[in-house]
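Below is one structure; the comments refer to it alone.
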Amino acid sequence: MYNKKKLMLLLFIICNLLTFTSSQAQTLRSDEPIKIVLNDWTSQLVLSHIAAELFEGMGYSVIFSKKTTGAQWGALQRGLAHVQMEVWQGTMEKMYTRMIDEGGIIDAGSHDATTREEWWFPDYVLDLCPGLPDWRALNSCAHLFETKETSPRGRYLGGPWEKPDGAKIRALDLNFKVVTANNSDELWEVLDKAIRNKQPIVLFNWTPNWIEAKYKGQFVEFPRYHSDCETKPEWGENKNFLHDCGNPTDGWLKKVAWHDMPIKWPCAFETLTKINFSNAMLAKLAYEVDVNKSTYQQAARQWLADNQLLWESWISPSCQITNKITG
């Protein structure tokens with residue numbers, strides 16, 4: 001009798017374990033690693049590490065895939081990468097729309113954060129070029145921004161991301177030449193040196209970004225953005241050329257995924273759709289790395305430790321947290 005009870009108890013435990021394992025496997029679906037795209041700006045890198053910690057906490061395997069913003073689209077479309085945490089309207093809308101239309105990627109929702117990417121200058125430049133931030137003042141002040149590399153034109157220091165700044169300069173007949181920084185660190189090094197010496201500078205900047213918390217400055221106000229500016233030469237200031245306008249001033253910030261992600265990793269995809277950051281949250285993450293010199297992983301884990309109630313709300317009750325989420 002005693003042995004029979006032990007046998008029944010053992011069978012009960014085994015059945016429950018099998019049921020749990022089956023349920024967990026059904027929720028996880030695939031044990032293949034989720035590949036998260038890493039770009040080359042701080043907020044995207046920290047968000048990618050936050051997502052990785054959450055996915056791993058649900059039992060998924062995660063690896064990172066370093067891609068330029070140009071190379072990421074083919075990888076996402078072909079399933080060589082699976083998640084992108086920050087798609088900025090100003091630099092990526094064209095490829096995003098194309099990939100969505102082709103069915104290679106799916107929209108995983110928008111952050112509350114709104115974005116702007118544009119030419120930017122420190123406030124002290126206003127004393128030297130008082131017509132700013134109106135773009136029409138740039139030509140009368142172009143000599144202020146001239147360098148040996150760009151003489152006799154002014155220098156515009158651009159980022160390494162796909163922006164049609166050369167086309168904008170041509171369309172608006174600006175006496176400037178684009179010099180491209182290799183990465184965001186180079187942008188900030190040149191900016192910091194210019195500010196310390198009160199030298200005129202105009203460069204690519206964006207928001208949300210930690211820069212706004214450290215330096216006072218303004219975006220150049222170009223003709224207001226309209227999608228026709230990119231497709232119809234007859235629209236806008238110059239009837240012969242495209243890109244005679246600024247970038248969106250209230251742009252969206254999206255997450256995207258490989259089209260099969262909801263099937264292979266349903267809980268990870270559901271969580272991805274709920275991950276949501278504001279401008280202030282992203283600026284703080286960037287500040288933690290770029291100013292306080294935390295690593296991307298340290299900043300991610302500190303954020304998880306400080307915001308447990310928030311990230312727990314992103315994970316569905318039907319999705320098990322099987323591993324400790326580091327905080």
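Rule-based calculations on the coordinates, nothing more; no lab input. Being a predicted model, the structure only gives us computed values, none of them experimental. We place every Cβ from the backbone using ideal geometry, glycine too, and count neighbours over all the protein chains shown.
Past the 32 Å Cα-Cα mark, which pairs from K66/K232; K66/K94; K66/K264? Flagged as over cut-off: K66/K232. Computed from the C-beta positions of F241 and E186, the FRET efficiency with R₀ = 30 Å rounds to 0.55. Cβ-to-Cβ counts within 10 Å put W206, W265 in ascending order as W206, W265, the fewest first. Among bridges DSSP assigns within the chain, what percent are antiparallel (round to 5)? Roughly 60 percent of the beta bridges in the chain run antiparallel, per DSSP. In the chain, the calculated helix contribution to ellipticity at 222 nm averages -12500 deg cm²/dmol per residue, counting -39,500 (n - 2.57) for every DSSP H run with n ≥ 4. The lysines whose alpha-carbon is closer than 22 Å to the alpha-carbon of K284, local same-chain residues fewer than 8 away aside, are K214, K216, K254, K255, K274, K293. Restricting the range 291-327 to trypsin sites (Lys or Arg not before Pro) that sit in a DSSP loop and have at most 10 other Cβ atoms within 10 Å of their own Cβ leaves K293, K324. Here's the list of aspartates and glutamates a cross-link from K67 could span, going by alpha-carbon distance under 14 Å and ignoring same-chain residues fewer than 8 apart: D40, E86, E162. Match the structure shown to one of the listed values (i) 0.98; (ii) 1.10; (iii) 0.96 of Rg/Rh (Cα atoms, Kirkwood Rh), computed from it, and give that label. Recomputing Rg/Rh (Cα atoms, Kirkwood Rh) here gives the entry labelled (ii). For the chain, the longest principal axis of the Cα atoms and the long axis of helix 89-102 meet at an angle of about 50 degrees. Between the Cα long axis of helix 42-57 and the first principal axis of the chain there is an angle of about 10°, rounded to the nearest 10. So which aspartates and glutamates can K177 reach, going by Cα to Cα under 14 Å and dropping same-chain residues fewer than 8 places off? Here the aspartates and glutamates satisfying the reach criterion relative to K177 are E146, E149, D165.
Taken about its Cα centre, the chain carries a charge dipole of roughly 1020 debye when the Cβ of each Lys and Arg holds +1 and the Cβ of each Asp and Glu holds -1.
The spacing between the range 205-224 and the range 278-327, judged by their C-alpha centroids, is 25 Å.
In this Cβ point-charge picture (+1 for Lys and Arg, -1 for Asp and Glu), the range 116-230 has a dipole of about 320 debye about its Cα centre.
Evaluated with a Cβ-only charge set (Lys, Arg +1; Asp, Glu -1), the range 169-287 carries a dipole of roughly 360 debye about its Cα centre, given to the nearest 20.
In a fully extended conformation the segment linking K214 and S278 would gain 21.2 nm over its present Cα-Cα distance, using 0.36 nm per residue.
Ordering of 155-162, 128-135 by packing is 155-162, 128-135, highest average first (other Cβ atoms within 10 Å, averaged per residue). Of the trypsin sites (Lys or Arg not before Pro) found in the range 57-148, those that fall in a DSSP loop while having at most 13 other beta-carbon atoms within 10 Å are K148. Dividing the convex hull volume of the alpha carbon atoms of the range 116-230 by its residue count gives 103 Å³ per residue.
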